[in-house]
Amino acid sequence: MSSAIELASAGCRVIVLDMQPLPGGQIFRSLEANMQARPRTDALLSALGPAYRAGLALIERFRAAPGIDFRPGTTVWDLRADGTVGWLRGNAAGYLRAPHVVLASGAMERPTPFPGWTLPGVMTAGAVQTLMKAGRLKPEGRIVLAGTGPLIFLLADQLRRLGVKPALIARTDRLGDKLAALKRVRPAGIPALAKGVGWLARLRLAGIPMRTGISGLQALGGEHLESVRLLAGGKNMDIPCDLLVVHDGIVPSTDLAHAAGLALEWKRDDASWRPRTARDGRARMAPCPSFTTGPCRIRITGDARRIGGADAAAAHGRHAARAILADLGRIARKQGGPDRTEAEVRRTLAARPFLDAAFPPGLAARLPDDATIVCRCEEITAGSLRVAIRNGAADMNLIRGLLRCGMGPCQGRSCATTLARLLAEAEPGRPMPPSPFRARPPLRPLPLGALAGMTGLDPALAQVESLDDKPEEIAGDDVHA
Amino acid sequence: MHRNGCDALIVGGGLQGCSIALFLARAGWQVTLVEKNLAGRHASGVNAGGLRSLMRDVREYPLSLRAMEMWANLADFVGQDAAEACEVRLGTSQIALAMDAAELQWCGARARTMRGRGIESEELIAPDELHRLLPGLAGSAHGGLISRRDGHANPANSARAFRKAAEGAGVRILERCTVRDLSAKPLGGWRVDTDAGRIEAEWLLNCAGAWGSDIAARLGETLPITVLALSMMVTARVKPFIAPVVIGIDQPLSFKQSAVGSLVIGGGILGKPCLSEDTSFTVMDRMASSAAATVAAFPGLAGVPVVRTWTGLEGATDDGIPFIGPSRLHPGLWHVFGFCGHGFQLAPAVGEAVARSLVSGSLEATLAPFAVDRVHRPQRKDEAVP
Amino acid sequence: MFAPIGSTEATMTIYLDGRAIPARAGETIAACLLRAGVGHFRTTPVSGARRLPYCMIGHCFDCLIEIDGVGSRQACLSEVEDGMRLHTQDGPAAIAGMEFQ
């Protein structure tokens, strides 16, 4: 939204494609609808807190900005470095082309394979928040929150305000992580730190049991989750449970960037890939053959570039937009030191070094044991992947072909990082695969009917080249079978 | 023999190269195969997996018939486990759909011509049987041609099965191994420098697929092909509903249901080849016409989502059939490439026939139509090869 | 597992395997079915295991369901419509207009 407002205010025509029905991304999800709802939804709004309601100003500016063509309910299933975007809305699909593309596709929760994570009744913290914001639902019954990261505290505090008391908050992080992280606190990050201390204090006051340094999480049950088992303070705990909410931090969504042939880099501390970008978000091409020629027309912003949360995303969105305006010659390029928007980016990211150190990946810290499913779609276990790797399969794509790992509808979004780490585990010193599975369009399911009626085809490419399989008869030939 | 010497060196680890290697090794030859990427990476592993004699060029028919027998008894050649992994389904039939009167007329003419040649397997199919075999088929489908013994297999698994069988028979397979230099030895045989060192061989076989022309050109021989990026679409899994493979006549249509339930849709739509970089790209702009042909024939599939696409590189000759045979210029050299996107079914028979020809010293009759010197003979058609 | 926050203000009806479920305009199918206490949206085509939504933001594809005869639709990205007919997806998706045993 911030990029679009900045660009539209300078007179650019902007098309915004969004998978959701309303603007606001995941953080301000359904905010407009919740503000306008009758009967009123005060309990929900007060539980979600002032940070949620604060998004309304941005949404209103977005709605009011002339020159923004907002297309909700639209999925993007192809992206090319030359600025071509494949879209799907309802049963219609097509290609758009723009001289500049801003990729603001956000983050996903870190995939965390553990025993039982596919059972009904196991969900991510983001999923529960989405159900609160967009579904006006709150969890009920016996609830366990497990994992790490600020979102666990935020969610627990929101649940507390709704009168929902989890049976346990089981944290993988330890006090030691916090103490070690303290040296990374910068003055600008202190408000975030204070916010966290506040959450923690309120949760303790509400008497919600909390354990730190847990490990060995398992979800147990037949056709539905029945209990949670974990190791806390050296002892096994079994907790009867209806809903297990897991969270292990968030990582950039790299699917579109990767498919466009943009360079990714593996972040070891974060056990994930992220796109390689310049400070203004300009993406770099990966060092491999590209489908398109010419300059890369893509900038990446927000959590899709670097995890930073709402304020950082808004600040960087403006910064990336100003870089485009400078490219277009609509504003003067700032000489010398950082300009206003760049300073804002730095300020809003100030708390990140502390947060990253305080909440290292927990559930995903250790690779899953052999019996655990890694690929949720095709139900491929870590054990079968390890066997294939031991038998010499040294390449992500080869393993996909052998075992169908990553071949299901999610296209490897849930399993690619784990498989990459299993490959690295097998041969210490082997470099991490430079990217997830080879990505070819469509990146998201594209109905045949929509594909059949596609618009906006590139005339140069749409020229159908085909094998002419219909045999021509050869007159007078004397071949007989 | 020199430590790195062998009877035959095969360049290219696709299905054809692995099949030839397998049959030569079974005949007792020492065989080395070099593959610059991974075996079966391109057209061999990335095709529709059709086991089709329907609408095949008549010059390929004798070889295709033998291949069909071999697919039916695949375990005899590649072993039980590998044969099972290939998911061979024969007798499901392949059907060429006539969607309009002109196509129907063409089907009638084709069936008559084939019968005239003594080939009875391509029959006209009546509308009621057509609609019974193909539930969900649009009412506008008029009829078509059916070849009842045809079927399909899993291409990627088949490429792996032949590779594994070749290794099991004693073939030395070197992957990620590029040929740097090729030269004929003065007294016969070949000296080939590769990433894995120098390899000497009595016979050299160019099975380099899309790179076949390049290898030939390095030895001074002009055998032109067009490089193609064969592309396929794969849908989400759907409940089993169709056993035959369906192909179009003038429509870009080809689809079948795989063993796991996904629909594999081809239709000869091509992607963008990138030969020098050893890769290719799918072009969704072109896939639209293939999707349109599929939905026109099966309207109920409009809501079925495509979840993946594949492409792999292949070479096509100007006259639509492969080059298989000894070089015109060099003794001890064979070319086997340019299968034009329909070599998958032929592969077992190609391996057998080439190996027999080499071992016996006399060319198998089934290979006669594919002689490489045909490009230098006067052409029947106007578009003569340079 | 989930209860409404405040009143549900349901003004529509959708049907899951023939069972009527009250629905609220603007909510996703996934939210509506979870509120109704539906135990699973689909079974997997590999092992037949039951699945419910996991991520709710379109990444995990565990919320696949059959909507008005079309299978493999993401319930977390699809809004309810009055009178919509849903079916639990049993393994691979069904095809519109075709009968399967």
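Quick note: the coordinates plus some simple rules give every number you see, no bench work behind them. None of these values were measured; they are calculated from a predicted model. Cβ coordinates were reconstructed from backbone atoms using ideal geometry, including for glycine residues, and neighbour counts include every protein chain displayed.
Each Cα pair under 8 Å and six or more residues apart adds its sequence gap; the mean of these over the residue count of chain B is a relative contact order of 24 percent.
Other residues within the sphere of radius under 15 Å centred on the Cβ of residue A:34, judged by their own Cβ, net out at +4 (K and R +1, D and E -1). Among the DSSP beta bridges whose two residues both lie in chain B, what percent are antiparallel, rounded to the nearest 5? Bridges in chain B that DSSP calls antiparallel: roughly 70 percent.
Counting only DSSP beta bridges whose two residues both lie in segment C:12-90, roughly 75 percent are antiparallel. Sorting B:19, B:280, A:290 by the number of Cβ atoms found within 10 Å of their own Cβ, with the fewest placed first, yields A:290, B:280, B:19.
Summarising the label geometry, the points placed 7 Å from Cα in the beta-carbon direction at residue A:210 and residue A:60 lie 3.5 nm from one another. A Förster distance of 45 Å, applied to the separation of the beta-carbon atoms of residue B:360 and residue A:398, puts the FRET efficiency at 0.75.
Near residue B:358: Cβ cut-off under 12 Å, other residues only, Lys/Arg at +1 and Asp/Glu at -1. The net charge is -3.
Each of residue B:72 and residue A:346 was given a label point 7 Å from its Cα along the Cα-to-Cβ line. The distance between the two points is 7.8 nm. Diffusion coefficient (Stokes-Einstein, Kirkwood radius over C-alpha pairs, 10 °C, 1.306 mPa s) for chain A: 65 µm²/s, rounded to a whole number. Put in line by how crowded their Cβ is, counting other Cβ atoms within 10 Å and starting with the fewest, C:44, A:293, C:8, B:113 read A:293, B:113, C:8, C:44.
Per residue, the protein assembly as shown reaches -8000 deg cm²/dmol at 222 nm when only DSSP H runs of four or more residues are counted, each adding -39500 (n - 2.57).
The mean sequence distance of close C-alpha pairs (under 8 Å, at least 6 residues apart), as a share of the length of segment B:232-329, puts its relative contact order at 28 percent.
Over all other residues within a Cβ to Cβ distance under 15 Å of residue C:6, the charged ones net out to +4, with Lys and Arg as +1 and Asp and Glu as -1.
With respect to the cross-link table entries A:138/A:165; A:183/A:235; A:165/A:195; A:183/A:267; A:470/B:256, which display a Cα-Cα separation exceeding 23 Å? As for pairs spanning more than 23 Å Cα to Cα, those are A:183/A:235.
Counting Cβ atoms of other protein chains within 10 Å of each Cβ in B:258-270 and taking the mean gives 3.
In this structure, the amide hydrogen of residue A:273, modeled 1.01 Å from its nitrogen in the peptide plane, lies closer than 5 angstrom to those of A:267, counting only residues at least 5 positions away or on a different chain. Near residue A:18, the amide H atoms lying under 5 Å from its own belong to A:71, A:73, A:74; only residues 5 or more places off or on other chains count, and H is placed 1.01 Å from N.
Amide H contacts for residue B:203 (H built 1.01 Å from N in the peptide plane; partners 5 or more residues away or on another chain; cut-off under 5 Å): B:8, B:9.
Note on residue A:224 and residue B:374: the model spin-label points, each 7 Å out from Cα along the C-beta direction, lie 6.7 nm apart. Note: relative contact order over chain A, using C-alpha pairs below 8 Å and six or more positions apart, is 19 percent.
Each of A:266, B:211 was scored by other Cβ atoms within 10 Å of its Cβ. Listed from fewest to most, they are A:266, B:211. Taken one residue at a time, the phi angles of segment B:43-55 give Karplus couplings (6.51, -1.76, 1.60, θ = phi - 60°) of 4, 5, x, 10, 8, 7, x, x, 9, 10, 9, 4, 6 Hz. Gly and Pro are set to x. Taking the Cα centre of chain A as origin and assigning +1 to Lys and Arg Cβ atoms and -1 to Asp and Glu Cβ atoms, the resulting dipole is close to 2680 debye.
Max-minus-min Cα coordinates of segment A:122-248 on each principal axis give 49, 38, 24 Å, with the largest extent listed first. Among bridges DSSP assigns within the protein assembly as shown, what percent are antiparallel (round to 5)? Approximately 70 percent, going by the DSSP bridge assignments.
Note on C:61-69: average number of Cβ atoms from other chains within 10 Å of each residue's Cβ is 3.
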